[in-house]
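Read-outs throughout are calculated quantities, based only on the coordinates presented, and are distinct from any laboratory measurement. None of these values were measured; they are calculated from a predicted model. Don't worry about glycine lacking a Cβ; one is built from the backbone with ideal geometry, like all the others, and counts go over all protein chains shown.
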Amino acid sequence: MRAGELLGRPARDPAGRDLGAIRDIRVRATPGRDGTQRLVVRGVIVGRTPVRLFGYQRHDQRGPAPVVALIRWLHRHTRYVAWEDVDLSGPEVRIRRPFAELTPLHEATD
């Protein structure tokens, strides 16, 4: 699967709650067997707002305080989902954990 096929797909939790759509994919570079770097998917960001994050969800991000506050407020219901909790077997992305158990974006470290 390519990233473009995943981004924007609707996502629901086990109870059928609409979580919005896949907004971002989190990857980590790891050394491959041949010595090159491989990108491994660690998780996805799901949310209802189409407003981009521009990196303002990160704790180390500096910027105008009102912009940072606005972006974080708009994404207050946006969540990080570990890759092992993502089910891609149907037309919608199913998240295996309920919304209440998902990590708020501002607390995500991955």
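The table that follows gives values for the structure above.
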{"item": "By average C-beta atoms within 10 angstrom, highest first, the peptides 38-48, 23-33, 96-106", "result": "38-48, 96-106, 23-33"}
{"item": "Charge sum, other residues only, whose C-beta stays under 12 Å from PRO10's C-beta, Lys/Arg counted +1 and Asp/Glu -1", "result": "+3"}
{"item": "HN-Hα J in Hz across segment 32-43 - Karplus 6.51, -1.76, 1.60, θ = phi - 60°, x for Gly and Pro", "result": "x, 4, 8, x, 8, 7, 10, 9, 10, 5, 9, x"}
